[in-house]
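The structure appears right after this line, and notes come after that.
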Amino acid sequence: MKQYRLVIMSGVMLAGLAGCMKVADPFVDRVIAPVLVVIDNATGDGGGQTGEPVVSQKVAGPVMLGVKIYELDKSGILNNKVGIDSIPVTSLAIKLTTRAGMAIGDLKTDAAGQATISKTWAELGIPAPAAGSSVSLTWTGEYKGQAFSRLSRVQAIN
């Protein structure tokens, strides 16, 4: 009887130790972004907070694209009067490309953490845009030694 107790106790101890081991998540191989990237003028999603915000732009005229980049100060997260503070990231270099890898432009954030660029539809790879034409974009940069990227899409409307 004592032998069974020893085996059971050993098993419980091993299970407890195994539960304390750090194991890599097999489903998510990403690192949390060092900044919050909000896409300007995103439609229908509360300010660019979805996985792939869509910016609607008229077929005629320039395509205006922009982002706001913030560092989140979480030091007051447990204080309901302070909370999380969004601090604009200034002078941050951002590269804008299509998802196919075509370079659109290099941007730099201003004092408000905002970076904007104006392009034609042809410069985005659509020489004859029609309502519903779209381009998938990637905004990339590096902050405090950690790379990040943000997806968005621009879609043509009449």
**Request:** Quick one: in the range 60-90, of everything that is in a loop (DSSP other than H, G, I, E, B) and of a type outside the set (V, I, T), which residue is nearest to A156 (Cα to Cα)?
**Result:** A60
**Asked** If I104 satisfies every condition in (1) in contact (Cβ under 8 Å) with a residue 40 or more places away in the chain; (2) crowded, with 16+ Cβ neighbours inside 10 Å; (3) closer than 22 Å to T138 by Cβ but one, which is the exception?
**Response** (1)
**Prompt:** Are any residues in the range 107-132 assigned to a loop (DSSP other than H, G, I, E, B) and surrounded by fewer than 17 Cβ atoms within 10 Å (Cβ to Cβ), and if so, which ones?
**Reply:** D110, A111, A112, T120, G125, P127, A128, A130, A131, G132
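Restricting the range 136-158 to residues that are among the hydrophobic types (A, V, I, L, M, F, W, C) and over 17 Å from A33 (Cα atoms), which is farthest from the chain's Cα centre (by Cα)? Explain how you work it out, then say what you get.
First, pick out the residues of the range 136-158 that are among the hydrophobic types (A, V, I, L, M, F, W, C): 137, 139, 147-148, 151, 154, 156-157.
Remaining after also requiring over 17 Å from A33 (Cα atoms): 137, 154, 156-157.
On the way: L137: 12, V154: 16, A156: 23, I157: 25 Å.
Taking the candidates together, the pick is I157.
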**Prompt:** Just wondering, is there one or more residues in the range 91-100 that are within 15 Å of D40 (Cβ to Cβ), assigned to a strand (DSSP E or B) and under 18 Å from the mean Cα position of the chain (by Cα)?
**Reply:** yes
**Message:** Looking only at the range 121-155, count every residue that is modelled with pLDDT under 95 and touching a Lys or Arg at 6+ places or on another chain (Cβ under 8 Å) and tell me the total.
**Reply:** 1
**Fill in**
The condition of being at pLDDT below 95 and over 15 Å from the mean Cα position of the chain (by Cα) holds, among G61, G48, only for G61
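The values are calculated or read from the model by the stated rules, or taken from the named source; none is laboratory data. In this text the structure is predicted, and so the values were computed from the model without any measurement. Don't worry about glycine lacking a Cβ; one is built from the backbone with ideal geometry, like all the others, and counts go over all protein chains shown.
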